[in-house]
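Novice: Here's a structure for you.
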Amino acid sequence: MQIIRHLADLRAAVRALVNTGAPVALVPTMGALHAGHIALVDAARARGCQVVVSIFVNPTQFAPTEDLDAYPRREAADAAMLEAAGAAVLWAPDVAEMYPAGFASSIEVSGVTARWEGEARPGHFAGVATVVAKLLLQTRPDMAFFGEKDFQQLAVIRRMVRDLDVGIEIVGVPTQRDDDGLALSSRNAYLSPEERIAARALPRALGDAAASIERGAPVAATIDAAKARLTEAGFTPIDYVALVDADSLEPTESIESPARLIAAAKLGRTRLIDNLAVGNVKSM
Ligand code: PAF
């Protein structure tokens, strides 16, 4: 696996991958890799792709109050995992390579960013959309793979790619979970042992709520019950638990078209998010 830090070298490496005749996939990450990221590489390889993985802790998607400096960085361990998973290229630019002096552009996606993470984290999705657009244009892959764990992010990226005629297939990969159901996330490392046990209430509350809604229970009361369960388990504040349309992320009471139950809440100092498909039509 080649480790590349400069754009000109990335372009040359991708040209060589294209010449093999296989499709090229990009898996954008911020490092601190876990089995959830490796599932993205596996999904790309299962589609017959040569895989480029980017690791870039993108400063523009962190609010001033968020954990940019504390965000875990362990490139050597990440590179070993990617090598074992069969990635062809690790694209690991530094901040000056991505945002040289004078950088002045930003991509704003409206609508789908208006609520939920967009409301809780002002500026976050402009940072994500801009860096993902850059990574897509730098690599120009056939496909790019993102986890469904960040469901709103996936919807924002799909919207941007559609709106700007980017012409790259965006593939969502199901969330990977620990044995007790907790979604894998780099942020789980911040949980104390007691919090880690309490955290399993999040997937359980969502799973039970999704099943109730599928059986026809009223949506608002079911969501209230899920919130009460989270509060009882020690989550505070609960930023949101909501049933949303899987494409627009607007609140919905219907599961006739693809819907998603989404949640974000804090346990101690760690903010956790999760989501589940609800209804008969499970995918976006
Ligand atoms: O999901 C992430 O790790 C990041 O938001 C992404 C897509 C790599 C953009 O920095």
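Rule-based calculations on the coordinates, nothing more; no lab input. Here the structure is a predicted model, which means the values were calculated and not measured. All Cβ positions, glycine included, derive from the backbone under ideal geometry; neighbour counts span all protein chains shown.
Novice: Amide H to amide H under 5 Å from R74: which residues, 5+ apart in sequence or cross-chain, H placed 1.01 Å off N in plane?
Specialist: So R74 has HN proximity to A32.
Novice: Binning at 10 angstrom from zero up to the longest distance, how are the C-alpha pair distances of segment 122-270 distributed in percent?
Specialist: Over segment 122-270, the share of Cα pairs per 10 Å bin runs 10, 35, 34, 19, 3 percent.
Novice: Explain nothing, just compute: Karplus ³J(HN,Hα) = 6.51 cos²θ - 1.76 cosθ + 1.60, θ = phi - 60°, for every residue of segment 7-21 in order, whole Hz, x for Gly and Pro.
Specialist: 4, 4, 5, 4, 4, 5, 5, 5, 4, 5, 5, 4, 5, 6, x
Novice: Segment 181-240: D in µm²/s via Stokes-Einstein (Kirkwood Rh, Cα pairs, 4 °C, 1.567 mPa s)?
Specialist: Values: Rh = 12.3 Å.
Diffusion coefficient, whole number: 106 µm²/s.
Novice: Nearest 500 deg cm²/dmol is fine: what mean residue ellipticity at 222 nm does the chain get from its DSSP H runs of n ≥ 4 alone, each adding -39,500 (n - 2.57), divided by its residue count? Walk me through the numbers on the way to the answer.
Specialist: Numbers: 10 runs with 108 residues, N = 284.
Here the helix-only value at 222 nm equals -11500 deg cm²/dmol.
Novice: Per 10 Å bin, what is the whole-percent P(r) computed from every C-alpha pair distance within segment 74-196?
Specialist: 10, 32, 40, 16, 1
Novice: Continuing with this model, one more query. Note the per residue figure in Å³ for the convex hull of the C-alpha positions in the chain. Intermediate values should be presented prior to the final figure.
Specialist: Values: hull volume 37.3 nm³, N = 284.
Residue-normalised Cα hull volume stands at 131 Å³.
Novice: Working out 0.36 nm times the residue gap between D224 and S106, then minus their Cα-Cα distance, what length gain in nm do you get to one decimal? Write down the numbers at each step before the final one.
Specialist: Working: separation 118, 0.36 × 118 = 42.48 nm, distance 3.73 nm.
Once the chain is fully extended between D224 and S106, it gains 38.7 nm.
Novice: Could I ask something else about it? Once amide H atoms are placed 1.01 Å from N in the peptide plane, what residues at a sequence separation of 5 or more from V278, or on another chain, have their amide H within under 5 Å of its amide H?
Specialist: A259, R260, L261
Novice: Under the classification rounded if a/c is under 1.5, otherwise prolate if a/b is larger than b/c and oblate if not, where does segment 134-217 fall, given a ≥ b ≥ c as square roots of the Cα gyration tensor eigenvalues? Present the calculation step by step, with values, prior to reporting the outcome.
Specialist: Working: a/c = 3.39, a/b = 1.70, b/c = 2.00.
Cα axes put segment 134-217 in the oblate bin.
Novice: Further question on the same structure: Determine the percent antiparallel among the DSSP beta bridges restricted to the chain, to the nearest 5.
Specialist: Working: 18 of 37 bridges.
If I count the DSSP bridges inside the chain, around 50 percent turn out antiparallel.
Novice: Still on this model: What FRET efficiency would be calculated for the residue pair E75, E250, taking the C-beta separation as r and a Förster radius of 45 Å, to the nearest 0.05? Before the final figure, lay out the partial values.
Specialist: Values: r = 39 Å, r/R0 = 0.87.
After rounding to 0.05, the efficiency reads 0.70.
Novice: Picking from Q153, Q138, Q50, which is most flexible by a Gaussian network model of the chain using Cα springs under 10 Å?
Specialist: Highest fluctuation among the options: Q138.
Novice: Size of segment 1-87 along its principal axes in angstrom, Cα-based, largest extent first?
Specialist: Extents along the principal axes, in whole Å: 45, 29, 20.
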